[in-house]
Every structure is written in structure tokens, then in C-alpha cells.
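Below: one structure, written as C-alpha cells.
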Amino acid sequence: MTDNTQQPTADDLLLEQFFKPCSSEQLADDGFSRRVMTHIAETDARRARRLSWQWTAACLCVALVVFTLTGGWYAIVAGIVGVLTTMPTTTAQLIHLMACGAVLTTLVASELVRREHLTLS
Amino acid sequence: MLTDLALVTKVAIFRDHRAFEELVRKYQSPVRRFLLNLTSGDEALSDDLAQDTFLKAWQHIGQFSGKASIQTWLMRIAYNNFYDHQRRHREQTVSIDGTVSAAVMAVKAGTPSATTAMDVRRALSILGEAERTCITLQMIDGLPIEEISQITSIPPNTVKSHLRRGKEKLKNFLKQNGYDR
């Protein structure tokens, strides 16, 4: 493996002989390729999850902007005011309203816990 | 069997995992061997660097222009990884007088091939980093000077100087240690 066109000297041949066993050495795979591909799959999955969150956040931002520009907040406030002005006055009606609120809160909380559990696992 | 260029195209366009795995299986030996020699036989470190090399190759496969061979491109990534690792950790694997610390000579003992590998790494340890890289790429991987220059980003004439100096040092080392008898 000389880098010129001259005849190799005895010293050059000495070096070639010395390195010859290493130059023909082939390292066994021993699962190396599998570990590389597993690492790549995990990296791709993490990237896909990150892109998914970024896309969701971007869509949410756009939705909020559109909602604001089309007077969505005004409609919500008007709705709440309407409910409050026609509030139930009897005890039964109040209990019914509180029960609906409790059920709704429980559903939202359980969904959040389920999603948190999925993320951690 | 598809050619390297066909495999690279499948990876770059279709993100084909099987095509990339075929490339990994084909080039894992030269890349790992190159890093094993650069790290003076540290198998764990060389395998980590090799894995990082293929990961970067997967992420940046679109940047492969085809001007050089895929092996040259992979070796260049491997060399840059090793160089970055050296800069980050600044580990002294070779002391000033050229001896190698025992901690990095992690070669399995008891076999003729292990003894030969130990001899080679002991010989390479007397060289400077650039000389060791150039000598490894030429004497072990059999690459021409142009490819060594592409891998290391060292100008060809400087590569020749490193090779000349490295070979002189090695010849003296081998003679002093009785390898010429």
C-alpha cells in the first residue's frame, strides 16, 4: 500500500506485513445493525410525537385566532349571561345543575389522567 | 442485490428502513474497525461512535451527493464524530512520551489475533492523532490519498506528509521492538 510508483523498500514491506492481519479483519455484526435500526425507529417515533404536538398546538392557535375574529368569545359571554338571568331558583333545580357540573368535571379529569398515564407509559 | 446508490436513493426518498439496514450491515465492519483504531481499542466507545455515525447518516442521507463513495461519506461522518468526542472530553489517551494508558487498551487477551491487534494499537499509539488517522486509513483500510483527504478534510499534500512521518516513526518502532527479525 505505497503511495508512489517506486518499488516498495524492505521497510515498506515490513509495514505492510505488520498491518496485513488488521487490514483483512472483519468485525462480526453481533447485533450491531439491529441496535442501530432500533435506535433509528425510536428516534423516528419521538420525532413523530413531537411533530404531532407541534401540529396540534399550531392548529389550536389558528382556531383561537379564528374564534376570536368571528366573535366567539362574545357568543360565549352572551350565553353565560343568558343562563344566569334565567337561573333556576328552586333547590331541586340547583342540585340538578350541580350534579351535571360534577359529572362533567369528573369526565374531564378522568380523561386527563388517562392521557397522562399513556404519556408516562 | 441493489447497488449502494439505489439503496441510498430508496432511503433518501422513501425512508426505507430495510434499504438502510442493508447499508448498515455492509459498512458496519469498516466503520467500526476505523473507530476502533482511532480509539486505541476502546470497543464500547467505538461502537457508540459507530452507532451515532449511522444515526447521523440516516438523518442526513439527503446530503449525500454521490461524488464520493458511500463508504467515504460514512468514514467522514465517523471521523467528525470521533473528533467532536475528543474535543468534548479532551481525554488524554496518549501521554507526552507516546505510551498508552492501560485504561484504553481494552483488547480481549489470550488469542493470536488479540495479540496482533494489541501490537498494532501499541504501534499506532506512538503517532500523533493526524498521523494515526492517515496511517489507519491507508495501511488498514487501504484507501488512496484522495479519499483520505476527503474523509479528514486535510489537503492531499499534508496527508502525504503525515503518512511519510508516520511511516518513519513506525519503521523505527518496529525495528526497535524486533519486528524485522
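The values are calculated or read from the model by the stated rules, or taken from the named source; none is laboratory data. Keep in mind that this is a model prediction, so the values were computed, not measured. Don't worry about glycine lacking a Cβ; one is built from the backbone with ideal geometry, like all the others, and counts go over all protein chains shown.
Details
- Any hit, region B:171-178, residues being modelled with pLDDT under 80 and at the interface with chain A (Cβ under 9 Å from one of its Cβ atoms): no
- Taking the criterion of being within 17 Å of B:Y83 (Cβ to Cβ) and of a type in the set (K, R), the only residue of region B:46-69 that qualifies is B:K56.
- Here A:V62 meets each of (1) among the aliphatic types (A, V, I, L, M); (2) closer than 22 Å to B:L137 by Cα; (3) in a helix (DSSP H, G or I) with one exception, condition (2).
- Selected residue (only one of A:A57, A:A28, A:A48 is at the interface with chain B (Cβ under 10 Å from one of its Cβ atoms) and surrounded by fewer than 11 Cβ atoms within 10 Å (Cβ to Cβ)): A:A28
- Cβ separations smaller than 8 Å between residues 6+ apart or across chains give the following pairs from region B:64-80 residues that are within 23 Å of B:T39 (Cβ to Cβ) to residues that are among the basic types (K, R) and surrounded by fewer than 19 Cβ atoms within 10 Å (Cβ to Cβ): B:I77/B:K56.
- Residues located in region B:123-163, provided they are part of a helix (DSSP H, G or I), more than 18 Å from B:Y27 (Cβ to Cβ) and either of a type in the set (A, V, I, L, M, F, W, C) or within 9 Å of chain A (Cβ to nearest Cβ) (or both): B:A123, B:L124, B:A130, B:C134, B:I135, B:Q138, B:M139, B:I145, B:V159, B:K160, B:L163
- Scanning region B:8-49 for residues that are more than 23 Å from the chain's Cα centre (by Cα), touching a residue at least 40 places away in the same chain (Cβ under 8 Å) and more than 13 Å from every other protein chain (Cβ to nearest Cβ) turns up just one, B:A12.
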